[in-house]
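Below is one structure, written out as structure tokens, with a few remarks after it.
The values are calculated or read from the model by the stated rules, or taken from the named source; none is laboratory data. In this text the structure is predicted, and so the values were computed from the model without any measurement. Neighbour counts are summed over all protein chains in view; Cβ atoms, including those assigned to glycine, are modelled from backbone coordinates with ideal geometry. Just so you know, the surface numbers come from the protein's heavy atoms only, side chains and all, with ligands and any DNA or RNA stripped out. Shrake-Rupley method; radii C 1.70, N 1.55, O 1.52, S 1.80 Å.
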Amino acid sequence: FYGGIFMITLKEITKDNFWDCIELTVSKDQEDFVTSNAISIAQSKVQPECIPLAIYHHDIMVGFVMYCLDVDDNEYWIYRFMIDEKYQNMGYGTQALEQVIERIKEDKTHHNIFVGAHRDGEVAINLYKNFGFEFNGQIFGHEHVMVLTY
């Protein structure tokens, strides 16, 4: 985010960018924290409430995010969020997360955003904390739930 200009855009996953999205990877030490983008895209086909988006810096795909209004608890969840290992630590994750949060906040009927974070995923946890997410005590598998109330 430079002087009010986003360097990042969120775009729909299409047949034209599908393979680019599938080929995004995280570093070896992060692999246990992230579900594959292929599985996420497949999930969005059987759970149409899931919105998968490519994260672009200009015309280069640098990451992937998927959020939804969960049918079980009727709350917004960021199900997936990753930046390709080649593009980490450049501020793209911060800008992308800011845009996802703004999209979700457009729905004025909700006031919470939930995300699951692997306890050892310090980079992700710190990113979420910078936006005001806090652990709420819930645990699903290896993920600890964080919530942003707005």
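Rounded to the nearest 500 deg cm²/dmol, what is the calculated helix-only ellipticity per residue at 222 nm for the chain, with -39500 (n - 2.57) per DSSP H run of length n ≥ 4?
-7500 deg cm²/dmol
Restricting attention to region 3-150, the count of lysine pairs at 8 or more positions apart or across chains with alpha carbons under 22 Å apart stands at 6. Modelled label positions at LYS108 and ASP59, each set 7 Å beyond Cα in the direction of Cβ, lie 4.0 nm from each other.
Using the heavy atoms of the protein chains alone and a 1.4 angstrom probe, what is the accessible area of region 3-150 per residue in square angstrom?
56
The distance from the alpha carbon centre of region 74-150 to that of region 8-23 is 20 Å, rounded to a whole number. Along each principal axis, taking the top coordinate minus the bottom one, the Cα set of region 47-101 gives 35, 17, 17 Å in descending order. Looking at the chain, the pairs of alpha carbons with a distance over 29 Å make up 10% of the total. For region 20-31, backbone phi angles converted through the Karplus equation (6.51, -1.76, 1.60; θ = phi - 60°) give residue-by-residue couplings of 4, 5, 5, 7, 5, 9, 9, 5, 3, 6, 9, 4 Hz, Gly and Pro being listed as x. For the chain, the relative contact order comes to 20 percent (Cα pairs under 8 Å, sequence separation of at least 6). For the chain, which whole percent of the accessible surface, found with a 1.4 angstrom probe, sits on carbon and sulfur atoms? About 52 percent, which is the carbon plus sulfur part of the accessible surface.
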